[in-house]
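Here the structure comes first, spelled out in structure tokens, and everything after it is commentary.
The values are calculated or read from the model by the stated rules, or taken from the named source; none is laboratory data. As the structure is a computational prediction, the values presented were derived from the model and not from experiment. All Cβ positions, even for glycine, are placed from backbone atoms using ideal geometry, and neighbour counts span all protein chains on display. Remember, those area values only see protein heavy atoms, side chains included, never the ligands or the DNA or RNA. Shrake-Rupley method; radii C 1.70, N 1.55, O 1.52, S 1.80 Å.
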Amino acid sequence: MVPPSSGNAHTEFLRTGRIPRSRPVWVPDERRYLTHDEVAEKTGKKLETAGETTHKRLNSFHRSIHLPKIIFHRTLEGSPHLGYCHVTAARTFFSQDAMVSWSFYIANFSSEIGGDEVFFARINPRNSRMYFAVAVEGEAGEQARIDRTWRRNGLLSQTNSPREAMRNVLMLGAPSAAVREIVKRL
């Protein structure tokens, strides 16, 4: 056997035609299983990073659209690798007398938005993300509740496409009809 001339496997392959595989990819002593809390913490960090990036992109679209930054995450009970992140919330006038308060979320799974008892129904972790906006009600300082007067499940928009989600949230957050026309052209 020819001793390796350098630590670079590509050079060694060109010189001898072999790739030395003497080193293990991982050391068995270093391998360990993560606890549910550790997985939930890692999931939360990833979700909040996605929320920060999304909020920054939403506010950089047009100078008249400024959505508040309200970022927090929750992981699903019993599945710490699955969760959702609240990104922003605002109020929108659909007509002169119809105002709706809403919140925008990102989830790292896809599902159907359920009714009263279970909010997420038929969770599918294989699809990478789901973006949704929900009508909410409640006073300042209270726990927000889903406003089911708009629809049975309170859902205003739901999609797996980041581009469509951006358009939906910008339409909800647009302060005037002129800005909505700009968003429609996307």
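Structure data summary
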quantity: Accessible area in the full protein assembly, largest first, 1.4 Å probe, for Thr54, Thr92; calculated: Thr54, Thr92
quantity: When each of Lys42/Lys184; Lys45/Lys184; Lys46/Lys69 is checked by Cα-Cα distance, pairs over 28 Å; calculated: Lys42/Lys184; Lys45/Lys184
quantity: Whole-Hz couplings from phi, Karplus 6.51/-1.76/1.60, listed for the stretch 173-186; x for Gly and Pro; calculated: x, 5, x, 8, 5, 5, 5, 4, 5, 5, 5, 4, 6, 4
quantity: Long-range HN-HN contacts of Leu156 with modeled amide H, under 5 Å; calculated: Ala133, Val134, Ala135
quantity: Calculated P(r) tail over 22 Å for the stretch 54-186, as whole % of Cα pairs; calculated: 37 percent
quantity: Charge sum, other residues only, whose C-beta stays under 13 Å from Met130's C-beta, Lys/Arg counted +1 and Asp/Glu -1; calculated: +1
quantity: ³J(HN,Hα), Karplus 6.51/-1.76/1.60, whole Hz, each residue of the stretch 49-65, x for Gly, Pro; calculated: 5, 5, x, 4, 5, 5, 4, 4, 5, 4, 6, 8, 5, 8, 5, 7, 9
quantity: Peptides 98-109, 66-77, 150-161 ordered by average Cβ neighbours within 10 Å, highest first; calculated: 98-109, 150-161, 66-77
